[in-house]
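Every read-out reported here was derived from the displayed coordinates using simple, explicitly stated rules and does not represent laboratory data. This is a predicted model, so every value here is computed, not measured. Don't worry about glycine lacking a Cβ; one is built from the backbone with ideal geometry, like all the others, and counts go over all protein chains shown.
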Amino acid sequence: MAIITKQKTADRPAPLSETSVLGWLQKNLFSSVFNTVLTLITIFIIYLTLSGVVVWGYLDATFVADKRRECYDNSLTGACWAGVIAWLDNIFYGRYPREEIWRIDFGGLLLVLWMLPLWLARVKGKILIGASVIIFYPFLAGYMFTGGDKGWFMQFMVAGAITAFIINMTNMLVGLLKNTSLDVFLMQLFGQADAGDKTQRNILLAMVAALFVVVFLWQASWNVTEVVWTKWGGLFLTLVISGIGIASSLPLGIFLALGRRSKLPVVRVLSTGFIEVFRSVPLITVLFMATTMFPLFMPEGFVLNKLVQVIIAVILFNACYMAEIVRAGLQAIPKGQFEGAHTIGLGYWGTMGLIIMPQALKHMIPNIVGNIIGLLKDTTLVSIIGLFDILGMLRSISKDVPWVGLHKEPLIFGAVLFFIICFSMSKYSRHLEVKLSAGDKH
Amino acid sequence: MSEQQITGQLASAASTEVMIEINQMNKWYGDFHVLKDIDLTVHKGERFVICGPSGSGKSTLIRCINALEEHQQGDIIVDGIKLGKNLKNLDHIRTEVGMVFQNFNLFPHLTILENLTLGPIWVRKMAKAEAIETAMMYLERVKIPEQADKYPGQMSGGQQQRVAIARSLCMSPKIMLFDEPTSALDPEMIKEVLDVMVELAETGMTMIVVTHEMGFAKTIADEVIFMDEGDIVERNKPVAFFENPEHERTQKFLSQIL
Ligand SMILES: Nc1ncnc2c1ncn2[C@@H]1O[C@H](COP(=O)(O)OP(=O)(O)O)[C@@H](O)[C@H]1O
Ligand SMILES: [Mg+2]
């Protein structure tokens with residue numbers, strides 16, 4: 001008998017346990033007596049914890065009060081959020097002058113706007129946008145936050161940043177409205193779409209240069225008052241330190257990783273030594289070294305402010321971890337990719353930049369984001385060496401006369417804040433991974 | 001072996017101009033002597049097929065020719081340039097010699113078109129529009145122009161190998177090396193790749209092909225080379241090679257694969 005069945009078997013719906021909520025519950029939570037008991041106990045524990053939290057943190061809590069005493073007068077068993085609320089500005093901005101706080105918000109807003117096009121599918125030129133934010137944004141933000149007189153270099157960079165920002169925003173609008181890139185759009189506008197590559201490039205360069213000159217002249221008269229770094233603090237300071245730390249340690253880490261794999265013995269030994277030394281020492285030690293020992297090695301009269309020292313320490317420390325992440329990512333790339341690149345004549349930097357790194361970085365995203373989250377949290381260590389970052393601010397609340405002894409609420413508030421930031425980053429990294437691996441299935 | 005329907009020998013395109021000259025070349029991996037006193041001269045337009053048992057040094061030989069591996073003794077002169085430590089020379093050689101691998105080695109993060117235009121744009125400094133035009137012409141020639149926007153991972157092995165051939169051709173190489181280009185393919189895809197290679201041979205390209213596809217060898221090869229344990233054991237015209245192998249090692253090998 002060769003023929004088993006003559007007709008095509010019709011599709012039937014899956015059993016209830018696979019599709020309905022009830023089916024799922026039954027299969028996963030109540031499949032046996034033991035399982036049911038476990039489920040019920042767990043639900044009870046969750047209930048106890050949650051209800052305790054809700055009563056303490058919300059139902060019995062005090063939100064409006066002028067000092068801790070008043071909280072107690074209101075309720076002895078509830079949280080005293082009034083203290084946290086009174087200190088909110090300090091928690092976010094430190095002792096930054098209140099009338100200047102808009103500069104921080106504005107700096108943050110600029111960053112968001114600058115990066116916004118990266119998420120918009122219709123906008124072209126993402127690599128340039130990414131590069132411009134890394135190269136120019138720090139200078140503009142740096143001046144916004146610090147203020148004071150601009151030296152000629154700062155004038156130049158600030159003007160460059162504003163120019164880049166204007167171009168970026170125009171490019172975004174053109175992308176959204178016309179679904180093309182700014183240069184193509186401009187060429188069509190001036191009827192030069194068919195001109196040669198060289199002509200087009202020259203016209204564009206001339207336009208950028210003209211814009212730069214206008215911006216340069218305009219910004220020369222624009223000044224904001226100086227705010228010394230000792231007034232920086234709170235979440236703002238945490239984000240500045242970790243932001244600069246992250247943005248610089250990734251490129252530095254890439255070079256260290258390449259150095260460690262280099263064929264040149266001197267480069268290899270130096271990179272390996274550097275990485276291993278920094279990886280074997282706790283961050284707090286590096287921070288102490290940077291602030292106490294570093295000045296000893298510097299020429300007399302050369303004073304770096306503590307913030308810069310801390311940032312350098314964080315960058316060097318984190319770059320070593322990044323280097324190891326990058327190295328692991330590079331090792332995952334098959335040898336054939338190097339050989340493929342070799343046969344089309346790419347040299348070392350072309351191979352690394354165009355073929356190997358783009359693939360390796362994609363594999364590294366989860367680890368890089370993990371490292372970023374770690375760095376953000378580790379940055380709170382700077383409160384130990386006397387910077388008033390977010391942790392420093394949260395702990396000062398208990399020393400403020402009206403709120404003396406208020407420890408729990410600020411720290412819980414800080415924990416929730418960190419959780420929100422870190423959890424959204426890790427969720428976003430999952431999303432990125434899925435999105436990036438959609439293109440190539442091996 | 002798949003049964004190939006390729007029959008009829010192509011006319012030889014060999015000229016007197018020397019493209020590759022290998023003199024008394026030796027290579028070791030550590031203590032292991034992989035290639036022993038290799039002598040080989042390849043003229044412009046000449047087509048060689050190399051066969052031999054696994055581990056006999058076939059891949060190593062052709063990898064030495066485009067400087068993927070270093071040799072320790074003797075000379076390899078490609079298109080008048082002596083291979084050695086001089087990096088400038090190496091860069092030049094790499095752009096003159098195209099290579100196709102058993103595992104394709106396409107770049108999985110780039111589309112087919114980007115795979116093809118990368119070299120011309122970044123190495124040959126060609127304008128983008130021109131590079132795309134060239135790429136499309138070669139995709140046409142390997143018969144998959146409609147796949148230009150796909151990623152390598154979305155294509156069959158045979159298609160990927162044809163893209164790999166097109167990618168090499170986009171660099172307008174003077175010599176093409178093939179390292180078992182059909183060994184990783186399912187039988188039904190072997191022919192589509194061999195067909196493309198035969199067409200390439202018809203254009204007069206200088207080719208060295210490591211393969212065990214005998215029908216293909218008979219069609220295109222000016223000479224077949226048999227390697228064993230790092231030696232070139234025997235070389236002959238294809239018909240003579242397959243019908244009257246002289247060396248007993250060749251006879252034994254042919255009896256195993258035919
Ligand atoms: N990178 C390497 N290091 C050490 N030995 C190698 C390396 N590559 C190849 N070999 C050895 O050299 C010999 C020849 O290899 P190969 O040229 O790949 O042979 P074929 O291509 O003829 O199968 C084999 O014995 C192989 O194990
Ligand atoms: Mg081989």
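Across peptide B:96-106, the average count of Cβ atoms from other chains found within 10 Å of a residue's Cβ is 3.
Each label was represented as a point 7 Å from its Cα along the Cα-to-Cβ direction; for residue A:421 and residue A:32 these points are 4.6 nm apart. Since only A:48, A:269, A:79 are under comparison, the one whose Cα sits farthest along the positive direction of the charge dipole of chain A, derived from C-beta charges on Lys, Arg, Asp and Glu, is A:269. Dipole of chain A computed with +1 at Lys/Arg Cβ and -1 at Asp/Glu Cβ about the Cα centre; of A:318, A:209, A:108, farthest Cα towards the positive end is A:318. Neighbour counts of C-beta atoms inside 10 Å place A:33, A:267 in the sequence A:33, A:267, starting with the fewest.
Hand me the chymotrypsin sites (Phe, Trp or Tyr not before Pro) from segment A:292-367 located in a DSSP loop with no more than 13 other Cβ atoms within 10 Å, in residue order please.
Passing sites in segment A:292-367 are A:302.
Across chain A, the relative contact order, built from alpha-carbon pairs under 8 Å that are at least six residues apart, equals 16 percent. Given +1 at the Cβ of Lys and Arg, -1 at the Cβ of Asp and Glu and no other charges, the dipole of chain A around its Cα centre is 1280 debye to the nearest 20. Taken residue by residue and averaged, Cβ atoms of other chains lying within 10 Å of the Cβ of B:160-167 number 1. Based on the Cβ-Cβ distance from residue A:146 to residue A:178, what FRET efficiency comes out when R0 is 41 Å, to the nearest 0.05? The value I calculate is 0.60.
Which whole number gives the average, over all residues in B:115-127, of C-beta atoms from other chains lying within 10 Å of the residue C-beta?
For peptide B:115-127, the averaged partner shielding equals 3.
Label separation (residue A:99 vs residue A:59): 4.7 nm, computed from points 7 Å beyond Cα along the C-beta direction. For the pair segment B:147-175 / segment A:201-271, the C-alpha centres are spaced 39 Å from each other. Between residue A:296 and residue A:75, the simple spin-label model (points 7 angstrom out along Cα→Cβ) gives 5.4 nm.
Distance from the alpha carbon centroid of segment A:33-108 to that of segment A:369-442 works out to 16 angstrom. Restrict the search to segment B:24-80; then list the GluC sites (Glu not before Pro) that DSSP places in a loop and that have at most 13 other Cβ atoms within 10 Å of their Cβ. Qualifying residues, ordered by number: B:70. Neighbour counting of Cβ atoms within 10 Å sorts the residues A:176, A:436, A:307, fewest neighbours leading, into A:176, A:436, A:307. Summing charges over neighbours of residue A:236, with a neighbour being any other residue whose Cβ is under 12 Å away from its Cβ, gives -1 when K and R count +1 and D and E count -1. For chain B, the mean residue ellipticity at 222 nm estimated from helices alone is -11000 deg cm²/dmol, where every DSSP H run of n ≥ 4 contributes -39500 (n - 2.57) and the total is divided by all residues, rounded to the nearest 500.
Taking every C-alpha pair closer than 8 Å and separated by at least 6 residues, the mean separation divided by the residue count of segment B:136-254 gives a relative contact order of 18 percent. According to the Cα-based calculation, Rg over Rh for segment B:180-258 is 0.97, with Rh computed by the Kirkwood formula. Placing R0 at 56 angstrom, the Cβ-Cβ distance between residue A:272 and residue B:128 gives a FRET efficiency of 0.90 after rounding to 0.05. Checking the cross-link pairs A:126/B:143; B:58/B:125; A:8/B:143; B:88/B:150; A:362/B:125 against a 30 Å limit on the alpha carbon distance flags A:126/B:143; B:58/B:125; A:8/B:143; B:88/B:150 as lying beyond it.
Each stretch of four or more DSSP H residues adds -39500 (n - 2.57); spread over every residue of chain A, this sum gives -21500 deg cm²/dmol at 222 nm. Can you give me the C-alpha center-to-center distance between segment A:327-362 and segment B:43-58, rounded to a whole angstrom? Segment A:327-362 and segment B:43-58 have Cα centres separated by 28 Å.
Report note on the peptides A:214-225, A:188-199, B:25-36: ranked by the mean count of other C-beta atoms within 10 Å, highest first, their order is B:25-36, A:214-225, A:188-199.
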